[in-house]
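Participant: I am attaching a structure below and will ask some questions about it afterwards.
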Number of protein chains: 2
Amino acid sequence: MRIAVTDGIDVNAKKHLEEFGHTVSEKHYSNEELIGGCISEYDIVVIRSATKLTADVIKANTAKDSKLSLIIRAGVGVDNIDLPSASENSVLVCNTPSASTNAVVELTIGHLISSCRNISKGDRKMRNGVWAKKGLRGSELRGKNLGLLGYGRIARGVADIARSIGMKIHAYDPYVKSDQNGCMFHDSVESLFSSCTHVSIHCFLSDETRHLVDYDMISLMPQKGEDGIQCGNHIVNCARGGIIDEEGIFRAISNGQLTTASLDVFEVEPALKSNLLQLDGFQATPHIGASTNEAQSRIGHEIVSIVQSHSKGETPDSCLNR
Amino acid sequence: MRIAVTDGIDVNAKKHLEEFGHTVSEKHYSNEELIGGCISEYDIVVIRSATKLTADVIKANTAKDSKLSLIIRAGVGVDNIDLPSASENSVLVCNTPSASTNAVVELTIGHLISSCRNISKGDRKMRNGVWAKKGLRGSELRGKNLGLLGYGRIARGVADIARSIGMKIHAYDPYVKSDQNGCMFHDSVESLFSSCTHVSIHCFLSDETRHLVDYDMISLMPQKGEDGIQCGNHIVNCARGGIIDEEGIFRAISNGQLTTASLDVFEVEPALKSNLLQLDGFQATPHIGASTNEAQSRIGHEIVSIVQSHSKGETPDSCLNR
């Protein structure tokens, strides 16, 4: 099959696909090129988050004589793909749902400790010639309440590690109401935020979750841990940009309602003009949740497996619109 | 009793000491002032790492008419106190051995993830206007071998969390040869380094450990995880400066033998002129291992308890030279 890869692919996965007799073309296309129908000659397109397959793009690439029959999202979130339009035009959409889970889990824990302990800030100050030891008093996670907004695969992985650190796990998820690990489930997002000095976001971006975490929500957070220690409030988002209202976060950090915010994802990316980048209590990474050798290798394996299923006429397991 | 506090103390601890009728004087002294005998009029001196109580200083402050009978190190390491000289001059030395354990444990895990996932680097690049997503591919900890050099209280805390992340724990400690948690013990430091892509240092500074981790030792590290992933080599030191040969680290990062090094402690502090600070694979914090609200509160509690024991004529539990 002819496969267009628009946002990169693991080198071993490309090799395996070619060994199976497929043709792999690696090239990133502009929106204009996509609208022009540049991927209609391929059977399969493999994208990450940088390629937006809107209804118009899908329509333009599924016109008469088009070969496109499968979109593979190398990663999890498919908010950059118009699913109804894909279904309408008989294009299957698959993602690689579990391949990047552990990468995001570890990054979330890293952001949580790094922000509460001023690791990036301390490093930055030292590189700027300042031994800021006295100004870098942080707080510990042990004994604190961690609120997980969304309780899917990644959140549960974060919960396991956070529990070993000694945090108490709280969660809100409209679809999950109990688990076997003593997680405390809340009936509302407000209740979750009112109970937790630390919150990590693990839900999808949708109309329900857009700007769900805003200034007012953050104002509910208690500042003080159950151990009586004034640890401040801390937010991490390694899920999807847009769930957090970034202006609200800016205001909350500026007036001390929020001590730190760590974002790997932003409403508009690349997010280089964000006023958050001026704040000491802010920590940012440029959407690298799945950027590990291990995750890319696992994603590569899954892509090969999806392509092989599809080329045999089977419906791949991770198909989202069969 | 009259108590001199030279490097700061938790505000609640000071309040409690005063409520017990003690006098607390907070002032940092230069080496010249210490040699001049400025603390001889106090019964107790409370120090952190910034005050060096050398043999000369102890001698000068324990001459005729001196009142000094107890040195309290708010923290763990007593390499800044000449213990033989204290004993010889009938001054007890106590530390607060467990109060900062968890703070250092969490910082170690934070440094480990943050360096392997380029958190500080990503934050720095973004603040410099660069969306370095593609250059920030990191590696995961799960499935990798973590070597612990020294297996005391802090190392065991690190092991517990690292195990929950999915790391395999290896250790070298001349005084510990087994545990209940499946840690693999090595007979030599060389064997430890040969087995582990990730090493964290948790030993004391002594003549045996000074520059123990040098370029040659790092060259033994395998670069590749047991999962076959080329994850590079990674070192963390939140224990004591001087155990690592910083020139060796610089060379190892420069030529790719070491992927990242994260140091909270340095041979000479403040370490603002280190050439390591020019390297992207380096991550630094300015000796903030015990700098949490929680640890300072626990240290404060322990200081009050030591002072109360001493003032009743008892020998405090954490006395190192009774």
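Yes/no per residue for (1) closer than 24 Å to B:N293 by Cβ; (2) in contact (Cβ under 8 Å) with a residue 40 or more places away in the chain; (3) among the hydroxyl-bearing types (S, T, Y):
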site	(1), (2), (3)
A:R153	no, yes, no
A:I169	yes, no, no
A:Y175	no, no, yes
A:F193	yes, yes, no
A:C196	yes, yes, no
A:I201	no, yes, no
A:E226	yes, yes, no
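Participant: Restricting attention to region B:151-161, report how many residues are in contact with a Ser or Thr (Cβ under 8 Å, 6 or more places away or on another chain), more than 7 Å from chain A (Cβ to nearest Cβ) and not hydrophobic (A, V, I, L, M, F, W, C).
Facilitator: So the count comes out to 2.
Participant: In addition: State all residues of region A:144-181 that are among the acidic types (D, E) and either at pLDDT below 95 or not assigned by TED's automatic domain parsing to the domain that holds A:I244 (or both); if no residue qualifies, say none.
Facilitator: A:D179
Participant: Just a yes or no: is a residue in region A:283-293 within 18 Å of A:I218 (Cβ to Cβ) and of a type outside the set (D, E)?
Facilitator: Yes, region A:283-293 contains a residue that is within 18 Å of A:I218 (Cβ to Cβ) and of a type outside the set (D, E).
Participant: Further, regarding this structure: Might you let me know whether region A:135-148 holds any residue that is within 30 Å of B:N275 (Cα to Cα), polar (S, T, N, Q) and either in contact with a strand residue (DSSP E or B) (Cβ under 9 Å, 6 or more places away or on another chain) or surrounded by fewer than 23 Cβ atoms within 10 Å (Cβ to Cβ) (or both)?
Facilitator: yes
Participant: Please specify each residue of region A:92-107 satisfying the condition of being touching a Lys or Arg at 6+ places or on another chain (Cβ under 6 Å) and facing chain B (nearest Cβ under 7 Å).
Facilitator: Listed by number, the residues that qualify are A:N102, A:L107.
Participant: Any idea which of (1) at the interface with chain B (Cβ under 8 Å from one of its Cβ atoms); (2) assigned to a helix (DSSP H, G or I); (3) touching a residue at least 60 places away in the same chain (Cβ under 8 Å); (4) small (G, A, S) is the one A:G110 doesn't satisfy?
Facilitator: (3)
Participant: Which one of the conditions (1) closer than 22 Å to A:A86 by Cα; (2) without any contact (Cβ under 8 Å) to a residue 40 or more places away in the chain does A:Y42 fail to meet, given that it meets all the rest?
Facilitator: Status for A:Y42: all satisfied but (2).
Participant: Check B:G289, B:G281, B:G300 and return the single one that is closer than 17 Å to B:D79 by Cβ, at pLDDT 95 or above and within 14 Å of chain A (Cβ to nearest Cβ).
Facilitator: B:G289 is the lone residue from the list that is closer than 17 Å to B:D79 by Cβ, at pLDDT 95 or above and within 14 Å of chain A (Cβ to nearest Cβ).
Participant: Counting just the residues of region B:126-139 that are modelled with pLDDT of 95 or more and more than 7 Å from every other protein chain (Cβ to nearest Cβ), which one comes out farthest from A:F282 (Cα to Cα)?
Facilitator: Restricting to residues being modelled with pLDDT of 95 or more and more than 7 Å from every other protein chain (Cβ to nearest Cβ), the top hit is B:V130.
Participant: Under the condition of being closer than 23 Å to B:S90 by Cβ and under 24 Å from the mean Cα position of the chain (by Cα), which residue from region B:5-30 is surrounded by the fewest Cβ atoms within 10 Å (Cβ to Cβ)?
Facilitator: Out of the qualifying residues, it is B:Y29.
Participant: Taking only region B:238-253 into account, find how many residues are surrounded by fewer than 20 Cβ atoms within 10 Å (Cβ to Cβ) and within 12 Å of chain A (Cβ to nearest Cβ).
Facilitator: Summing the residues that are surrounded by fewer than 20 Cβ atoms within 10 Å (Cβ to Cβ) and within 12 Å of chain A (Cβ to nearest Cβ) in region B:238-253 gives 0.
Participant: Among the numbered criteria (1) surrounded by fewer than 24 Cβ atoms within 10 Å (Cβ to Cβ); (2) farther than 26 Å from A:A155 by Cβ; (3) more than 11 Å from chain B (Cβ to nearest Cβ), which single criterion is violated by A:P270?
Facilitator: (3)
Participant: Restricting attention to region B:120-131, does a residue exist that is under 22 Å from the mean Cα position of the chain (by Cα) and either part of a helix (DSSP H, G or I) or surrounded by 24 or more Cβ atoms within 10 Å (Cβ to Cβ) (or both)?
Facilitator: Yes, that holds for at least one residue.
Participant: What's the number of the condition A:T259 fails, among (1) in the same structural domain as A:L17 (by TED's automatic domain parsing); (2) closer than 17 Å to A:S200 by Cα?
Facilitator: Here A:T259 clears every test but (1).
Participant: Please state which one of A:V105, A:V91, A:V76 is under 21 Å from A:R156 (Cα atoms), out of contact with any Gly (no Cβ under 7 Å at 6 or more places or on another chain) and not small (G, A, S).
Facilitator: Answer to the check: A:V76.
Participant: Which numbered condition trips up B:G256, out of (1) part of a loop (DSSP other than H, G, I, E, B); (2) more than 9 Å from every other protein chain (Cβ to nearest Cβ); (3) in contact with a helix residue (DSSP H, G or I) (Cβ under 8 Å, 6 or more places away or on another chain)?
Facilitator: (3)
Participant: Assuming B:L272 fulfils every condition listed in (1) touching a residue at least 12 places away in the same chain (Cβ under 8 Å); (2) in a loop (DSSP other than H, G, I, E, B); (3) hydrophobic (A, V, I, L, M, F, W, C) apart from one, which condition is it?
Facilitator: (1)
Participant: Can you name the condition, by its number, that B:A99 falls short on among (1) in a loop (DSSP other than H, G, I, E, B); (2) closer than 25 Å to A:K125 by Cα?
Facilitator: (2)
Participant: Collect the residues in region B:100-119 that are among the hydroxyl-bearing types (S, T, Y), crowded, with 23+ Cβ neighbours inside 10 Å and touching a helix residue (DSSP H, G or I) at 6+ places or on another chain (Cβ under 8 Å), keeping them in residue-number order.
Facilitator: B:S100, B:T108, B:S114
Participant: Another one. Taking only region B:191-210 into account, find how many residues are in contact with a helix residue (DSSP H, G or I) (Cβ under 8 Å, 6 or more places away or on another chain) and farther than 23 Å from B:I109 by Cα.
Facilitator: 0
Participant: Kindly provide the set of residues from region B:33-79 that are of a type in the set (D, E, K, R) and at pLDDT below 95, ordered by number.
Facilitator: Once the filter is applied, which keeps residues that are of a type in the set (D, E, K, R) and at pLDDT below 95, region B:33-79 yields B:R48, B:K64, B:D65, B:D79.
Participant: While we're here: Does region B:80-88 contain at least one residue that is among the acidic types (D, E), under 18 Å from B:T315 (Cβ atoms), more than 25 Å from the chain's Cα centre (by Cα) and at pLDDT 95 or above?
Facilitator: Taking every residue of region B:80-88 in turn, at least one turns out to be among the acidic types (D, E), under 18 Å from B:T315 (Cβ atoms), more than 25 Å from the chain's Cα centre (by Cα) and at pLDDT 95 or above.
Participant: Would you mind telling me which numbered condition in (1) crowded, with 24+ Cβ neighbours inside 10 Å; (2) facing chain A (nearest Cβ under 7 Å); (3) within 25 Å of the chain's Cα centre (by Cα) B:S164 fails?
Facilitator: (1)
Participant: Which residues, counting only those in region A:39-54, are over 25 Å from A:E267 (Cβ atoms) and in contact with a helix residue (DSSP H, G or I) (Cβ under 9 Å, 6 or more places away or on another chain)?
Facilitator: Hits for region A:39-54 are A:I39, A:S40, A:D43, A:I44, A:V46.
The values are calculated or read from the model by the stated rules, or taken from the named source; none is laboratory data. Please read all numbers here as calculations on a predicted model, not as lab measurements. As a convention, Cβ positions derive from the backbone with ideal geometry for all residues, glycine included, and neighbour counts pool all protein chains shown.
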